[in-house]
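Everything on this sheet refers to the single structure shown next.
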Amino acid sequence: MSEANNYILTMEGIDMAFPGVQALENVDFTLKRGEIHCLMGENGAGKSTLIKVLTGVHKPDAGKMILDGKVIHTKSPLHAQSLGISTVYQEVNLCTNLTVAENIYIGREPRRLGSIDWVKMNINATNLLKRLLNVNIDVSKSLGTYTVAIQQMVAIARALDISDAKILILDEPTSSLDLQETKQLFMVMRKLKSDGVGIIFITHFISQVYEVSDRITVLRNGKLVGTFETKALSRFELISKMIGRTLADLDEMTNIKLKTSKRIQSEPVLEAKNFGRAGEIKPFDLELHAGEVVGLAGLLGSGRTETASILFGVDRPDTGSMIFNGKSVSDYSPLGSIKRGVALCPEDRKAEGIVDDLTVRENIILALQANNGWLQYLNLQDQYELADKYIKMLNIATPSADQPVKNLSGGNQQKVILARWLATNPQVLILDEPTRGIDVGTKAEIQKLVLELADEGKACLFISSELEEVLRTSHRIAVLREREKVAEFSGEIDEHKIMHTMAGSSE
Amino acid sequence: MKKFKLNLSRNALSESKLLFPIIVLMLILLFDFIFIPGFFKIENRDGNLYGSVIDIMRNGSIVSLLAIGMTLVIATGGVDLSVGAVMAISASVAGILMNPSALKNEVFFVTDPTYTFQPLWVVILVPLIVAIICGIWNGMLVAFMRIQPMVATLILMIAGRGIAQLITNGLRVQITYRPFSLIGQGWFILPVSLYIVFVMLLITWAITRRTAIGMFIESVGINDRSSFFSGISEKNIKLMAYTFCGFCAGIAGLVACSNIKTSDANNIGLYTELDAILAVVIGGTSMAGGRFSLVASVIGALVMQAVTQTMYAVGVPAFALTAIKAVVVIIVILLFSDQVRNVIRGLGTQKNEV
């Protein structure tokens with residue numbers, strides 16, 4: 001087989017500019033048949049943009065694409081799909097109010113006598129999910145009743161089932177999957193690979209890159225750094241290519257942690273007693289101290305987010321009480337929490353965090369303004385000062401404070417939400433998956449920031465699905481299992497012990 | 001031409017909501033200038049100004065008032081279909097307060113221009129309070145009962161006219177009280193109703209843009225869940241928007257019945273809710289909620305009125321008017337849609353390639 005024939009996709013000299021940003025500059029990309037190719041880079045490196053160019057969401061300013069020996073101009077995702085390019089995007093793009101089966105077959109429902117054959121559709125959907133992903137669920141229930149992980153699986157099943165895909169693009173499919181589900185996905189990927197499908201895989205989990213991929217393409221600031229054989233590239237080299245510098249942050253982090261652990265106050269700022277809500281989280285006790293980072297570890301669905309929600313007052317507790325700074329709390333609502341000095345960075349950035357049409361500045365002042373009330377409107381100059389301060393402090397990559405936040409990359413949006421809460425100067429900061437879908441460099445930045453904030457005397461509750469990250473940042477770790485707080489560890493924390501507690505197995 | 005298209009496709013249109021409705025209004029006025037002689041003539045009678053352009057603004061004042069309130073409701077992601085009915089209620093209450101004879105089921109023609117049952121401030125205040133209560137009702141249904149806005153406000157849209165009829169005992173109430181009729185018919189260099197629109201616009205602008213309310217409304221309209229997480233009481237914001245919309249409808253009802261000297265529960269404000277919604281849409285506020293501009297909405301209302309007036313002037317029969325209006329509205333809305341703008345953009349780039 002000749003070299004040219006070997007490539008199913010060649011992209012050459014792709015240029016793409018948005019107002020104020022050169023998102024891609026002369027980027028080349030090749031994909032072989034039967035290959036898992038990782039696309040790596042920090043936030044804003046241009047990974048998503050490249051994918052969107054390929055799938056016809058954006059029209060590139062320059063460059064050409066060759067699929068299977070033919071030059072193509074993808075006009076829309078639908079058109080790309082008909083050419084054999086299927087995509088599963090980073091954030092689940094399905095309709096949560098439709099059933100699972102409807103989501104899989106939307107737009108191409110099986111028909112009988114002109115009307116939709118519901119029975120057949122449900123049977124097909126059930127079989128499809130079972131065959132491809134080994135998932136057994138009731139496909140006639142609405143998608144919204146399932147966890148994000150299941151929704152992701154449905155999205156993948158849908159993408160796989162549409163036409164005979166020559167190329168499958170997985171844009172961070174694993175960011176919300178647990179270990180078991182990730183393994184399942186990898187099995188499916190390997191099967192497709194042996195069928196000759198070219199898979200473009202975007203992930204932030206370095207270990208997953210090395211587990212499945214054959215080659216790696218690294219982008220940085222919209223430019224191509226290079227394409228490498230996975231076997232020939234060490235993890236360290238990969239990371240330094242991605243961020244353009246070496247990571248010495250790890251040691252620094254341990255130092256900060258040791259230093260700050262001495263400043264933890266003995267009196268708790270926030271004390272939850274027998275706090276719980278039926279169906280969400282079983283009653284638990286939790287103390288948060290100033291100067292301390294408490295980690296919350298647990299598997300997907302163990303009640304991490306529910307714990308955060310109830311502590312912040314998104315959901316009202318039906319048992320127990322909370323004591324804040326020695327006073328009993330009666331107002332359980334987000335606004336009540338903000339007024340007390342509690343902040344929550346929610347897990348679902350798109351649905352619960354950003355307000356996408358508002359500018360970066362407005363997004364940053366939103367919570368502070370809600371706290372001040374509508375009458376005390378911050379004057380424009382103060383707003384800009386505040387916004388600029390946090391843009392600088394958190395290194396938010398945006399052309400200006402007046403940029404709508406939807407134009408920012410995921411990691412920068414996350415930083416904007418962090419800025420929103422820091423602007424309220426909270427005493428207690430609850431961070432629910434603040435590093436989800438964020439690149440390595442920013443991840444380290446945020447972890448460091450959390451420790452620095454604790455050092456300044458804030459109490460932090462740090463939630464993450466990555467145990468390593470929880471271990472690295474937390475002074476104390478509470479473990480959840482099946483919507484119940486089962487243990488708490490402090491001092492010298494043993495990773496294996498926690499893993500066993502999370503899994504509910506004995507050592 | 002190319003430059004114009006570039007402007008159209010990139011920033012100008014999406015950034016400034018004002019530009020587009022102004023262009024449309026200008027085009028209509030340009031048409032009038034060319035085809036209708038004397039359209040821009042303004043007469044000075046006893047110090048008061050009269051003319052077609054002033055008529056557009058005067059006749060557009062009711063829809064302008066409604067559009068101001070409707071803008072806030074639509075910006076929260078809702079819609080208020082009941083404003084026409086609330087106008088009728090407000091007019092009925094005002095009528096009955098000036099001429100309660102209908103309650104005794106007798107048609108009693110008052111001819112004395114100084115006669116009124118209640119003093120002027122009561123005649124104005126009470127209908128507005130009633131309109132505010134109507135707004136609160138809508139707001140409660142939408143914000144607290146979580147009923148979809150279209151369904152929730154449909155209730156009052158249907159029931160409102162019935163309520164208005166009950167108030168006036170099913171009769172039309174003649175209004176002769178002179179000070180009251182000044183609201184809709186008075187002239188002080190310019191028509192009094194213009195001043196009312198202007199003051200309402202100014203007050204509403206100040207409330208929304210000089211305080212944080214405007215940002216909160218937009219935030220709730222774009223993403224109410226995120227807003228809730230940020231400590232914004234989305235329920236209260238929605239309640240406020242509907243209440244204010246009711247208030248605006250109340251004022252519009254007073255202007256309307258004062259203008260025709262009758263409180264006619266069947267016809268006052270009929271179909272004006274649709275005009276108001278269209279005015280807001282022409283003003284560039286998305287029906288999905290979010291960014292809004294009050295001035296653009298008022299210009300949208302003037303666009304609607306200018307079209308009507310122009311059609312009358314060129315001799316389009318009244319029965320065909322709604323069809324013509326619909327065409328104009330469709331064109332304007334199409335030009336706003338992303339789909340069409342993409343096509344325009346595509347045309348521009350293709351030409352460049354050639």
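The values are calculated or read from the model by the stated rules, or taken from the named source; none is laboratory data. No experiment lies behind these values; they were computed from the predicted model shown. Note that each Cβ is placed from the backbone with ideal geometry, even for glycine, and that neighbours are counted across all protein chains shown. Note: accessible area is taken over every heavy atom of the protein model, side chains too, but ligands, DNA and RNA are not part of it. Shrake-Rupley method; radii C 1.70, N 1.55, O 1.52, S 1.80 Å.
A few comments on the model shown:
- Solvent-accessible area assigned to carbon and sulfur over chain B amounts to 68 percent, based on a 1.4 Å probe.
- 0 to 90° range, to nearest 10: angle between helix A:380-393 axis and chain A longest Cα axis: 70 degrees
- The range A:19-150: translational diffusion in µm²/s, Stokes-Einstein, Kirkwood Rh over Cα pairs, 20 °C, 1.002 mPa s: 122 µm²/s
- Sorted from longest to shortest, the spans of the Cα atoms of the range A:3-243 along the three principal axes equal 51, 38, 36 Å.
- Pairs from the table (A:Lys339/A:Lys448; A:Lys166/A:Lys392; A:Lys130/A:Lys350; A:Lys130/A:Lys406; A:Lys59/A:Lys183; A:Lys241/A:Lys448) lying more than 32 angstrom apart at Cα are A:Lys166/A:Lys392; A:Lys130/A:Lys406; A:Lys59/A:Lys183.
- Distribution of pairwise C-alpha distances over the range B:188-260, 10 Å bins, in %: 18, 39, 25, 14, 4, 0
- Degrees separating the helix A:148-161 axis from the principal Cα axis of chain A, which is the longest one: 10 degrees
- Peptide ranges B:177-184, B:273-280 listed from the most packed, as the mean C-beta count within 10 angstrom indicates: B:273-280, B:177-184
- The B-A contact accounts for roughly 2200 square angstrom of buried accessible surface, both chains included, probe 1.4 angstrom.
- Summary value for the range A:3-243: 29 percent relative contact order, contacts being C-alpha pairs under 8 angstrom separated by 6+ residues.
- Lysine pairs in chain B with Cα atoms under 20 Å, if 8 or more residues apart or on separate chains: 5
- Neighbouring Cβ atoms from other chains, within 10 Å of the Cβ of residues in A:366-374, number 6 on average.
- With every protein chain in place, the range A:3-243: carbon and sulfur % of accessible area (1.4 Å): 51 percent
- Averaged over peptide B:219-228, the number of partner chain Cβ atoms lying within 10 Å of each residue's Cβ comes to 6.
- Phi-derived couplings, Karplus 6.51 cos²θ - 1.76 cosθ + 1.60 at θ = phi - 60°, listed residue by residue for the range B:29-37: 5, 4, 4, 4, 4, 6, 9, 10, x Hz, with x used for Gly and Pro.
- Where only C-alpha atoms are counted, convex hull volume of chain A per residue in Å³: 168 Å³
- Rounded to the nearest 10 square angstrom, B:Val130 shows an accessible area of 40 square angstrom against a 1.4 Å probe.
- Net dipole in debye of the protein assembly as shown [+1 Lys, Arg Cβ; -1 Asp, Glu Cβ; about Cα centre; nearest 20]: 1580 debye
- Helix-derived mean residue ellipticity, 222 nm - over chain A, DSSP H n ≥ 4, -39500 (n - 2.57), to 500: -11000 deg cm²/dmol
- Approximate shape of chain B as ellipsoid semi-axes (Cα gyration tensor, √5λ), whole Å, largest first: 36, 27, 17
- Cross-link partners for A:Lys191 among the aspartates and glutamates, with Cα-Cα distance under 18 Å and sequence neighbours closer than 8 places in the same chain left out: A:Glu35, A:Asp161, A:Asp164, A:Glu181, A:Glu211, A:Asp214.
- Pairwise centroid distance, computed over Cα atoms, of the range A:206-235 with the range A:292-331, Å: 40 Å
- In the range B:45-308, Cα pairs under 8 Å separated by at least six residues give a relative contact order of 40 percent.
- Candidate aspartates and glutamates - alpha carbon under 19 Å from A:Lys497, same-chain residues fewer than 8 apart omitted: A:Asp178, A:Glu466, A:Glu468, A:Glu469, A:Glu482, A:Glu484, A:Glu488, A:Glu507
- For the residues of A:334-345, the average number of beta carbons from a partner chain within 10 Å of their own beta carbon is 2.
- The string of couplings for the range A:305-310 from the Karplus curve (6.51, -1.76, 1.60, θ = phi - 60°) is 5, 4, 4, 4, 4, 6 Hz, one whole number per residue in order, with x for Gly and Pro.
- Sorted largest first, extent of the protein assembly as shown alpha carbons per principal axis (Å): 97, 73, 58
- Remark: spin-label model distance A:Asp195-B:Asn266 equals 6.8 nm, labels positioned 7 Å along the Cα→Cβ axis.
- Cut-off under 5 Å, modelled amide H: who pairs with A:Thr30 long-range: A:Met11
- Trypsin sites (Lys or Arg not before Pro), loop per DSSP, at most 16 other Cβ atoms within 10 Å - longest free stretch of chain A: A:264-507
- Ranked by how many other beta carbons lie within 10 Å on average, peptides B:45-53, B:89-97 from highest: B:89-97, B:45-53
- Accessible surface calculations at 1.4 Å, restricted to protein heavy atoms, place the protein assembly as shown at 44 Å² per residue.
- Each Lys and Arg contributes +1 and each Asp and Glu -1, all at the Cβ; summed about the Cα centre of the range B:45-308, the dipole is approximately 260 debye.
- Shape of the range B:209-354, Cα gyration tensor, a/c cut at 1.5: oblate
- Rg in Å to one decimal, and Dmax rounded to a whole Å, for the range A:353-425 via C-alpha atoms: 11.0, 33
- Take every pair of alpha-carbon atoms less than 8 Å apart whose residues are at least six positions apart; their mean separation over the length of chain A yields a relative contact order of 16 percent.
- From helices alone, chain B scores -22000 deg cm²/dmol at 222 nm; the rule is -39500 (n - 2.57) for each run of n ≥ 4 DSSP H residues, then divide by the residue total.
- An ellipsoid equivalent to the range A:419-481, defined through the eigenvalues of its Cα gyration tensor, has semi-axes of 18, 15, 11 Å when rounded to whole angstrom and sorted largest first.
- Each residue of the range B:41-56 was assigned a 3J(HN,Hα) from its phi angle through the Karplus expression (A = 6.51, B = -1.76, C = 1.60, θ = phi - 60°), giving 5, 10, 9, 10, 10, 6, x, 9, 9, 10, x, 5, 5, 5, 4, 4 Hz with x at Gly and Pro.
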